[in-house]
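Novice: The structure's right below; bear with me while I get my questions together.
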Amino acid sequence: MTPHREPVDMFDTIVIATDGSASVRRAVRVAVDLADRFDASVHALYVVDAGDVETAPERLRDEMRDALRERGEEALADVRAETDHDITVAIREGRPSGEISNYAREVGADVVAMGTRGRHGENRFLIGSVAERVVRTCPVPVLTVRQLEENTTDDLLAGDAD
């Protein structure tokens with residue numbers, strides 16, 4: 001006879017990593033569904049890629065940084081628009097994979113949710129390069145959510161079969 005166990009809240013804090021790409025919308029819906037199921041808090045993070053700023057001509061770097069921060073604010077507003085759930089937002093600057101991992105550690109995240117393809121549309125077999133690095137380096141589990149094809153439904157929730 002197995003002892004009765006109380007349900008365990010697996011997720012108290014969920015971080016959604018966004019780059020403003022269309023592929024992150026499904027990850028947002030899955031993450032918010034998990035947050036609702038586990039009564040978890042949700043954080044959304046946008047990272048200004050320092051590499052993009054550093055490769056710009058020196059005279060344009062401040063302008064580039066400002067444009068990327070504005071893109072980040074729009075991306076975070078898009079995340080908030082996907083749900084009524086209260087979402088804490090943050091913008092960081094640095095290497096995206098490192099900043100996502102550091103942020104997850106700082107806020108005590110239980111899971112990070114992100115899309116498998118970024119705004120650059122990395123041509124990888126299964127997963128984009130940033131998502132791959134986060135999976136390898138993040139101190140907590142990473143839920144990667146692929147974008148479904150245009151002609152299929154995108155209303156699947158975590159745990160539903162494709």
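The values are calculated or read from the model by the stated rules, or taken from the named source; none is laboratory data. What you see is a predicted model; the values in this text were computed from it and never measured. Note that we place each Cβ from the backbone using ideal geometry, even for glycine, and neighbour counts take in every protein chain shown.
Novice: Using beta carbons and a limit of 9 Å, which pairs, at least six apart or on different chains, have the first residue in region 74-87 and part of a helix (DSSP H, G or I) and the second one among the polar types (S, T, N, Q) and at pLDDT 90 or above?
Specialist: Hits for this filter: Ala75/Thr18; Leu76/Thr18; Asp78/Thr18; Val79/Thr18.
Yes/no matrix, rows are residues, columns are (1) among the β-branched types (Val, Ile, Thr); (2) surrounded by fewer than 16 Cβ atoms within 10 Å (Cβ to Cβ); (3) modelled with pLDDT of 55 or more:
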site: Thr88; (1), (2), (3): yes, yes, yes
site: Ser129; (1), (2), (3): no, yes, yes
site: Cys138; (1), (2), (3): no, no, yes
site: Thr144; (1), (2), (3): yes, no, yes
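Novice: Within region 104-127, restricting attention to residues that are in a loop (DSSP other than H, G, I, E, B) and at pLDDT 55 or above, which residue is surrounded by the most Cβ atoms within 10 Å (Cβ to Cβ)?
Specialist: Of everything passing the filter in region 104-127, Ala109 is surrounded by the most Cβ atoms within 10 Å (Cβ to Cβ).
Novice: When you go through (1) in a loop (DSSP other than H, G, I, E, B); (2) at negative phi; (3) touching a residue at least 40 places away in the same chain (Cβ under 8 Å); (4) small (Gly, Ala, Ser) one by one for Ala35, which number turns out not to apply?
Specialist: It is condition (1) that Ala35 fails.
Novice: Filtering region 36-57 down to residues that are out of contact with any Lys or Arg (no Cβ under 9 Å at 6 or more places or on another chain) and at pLDDT 95 or above, which residue is surrounded by the fewest Cβ atoms within 10 Å (Cβ to Cβ)?
Specialist: Ser41
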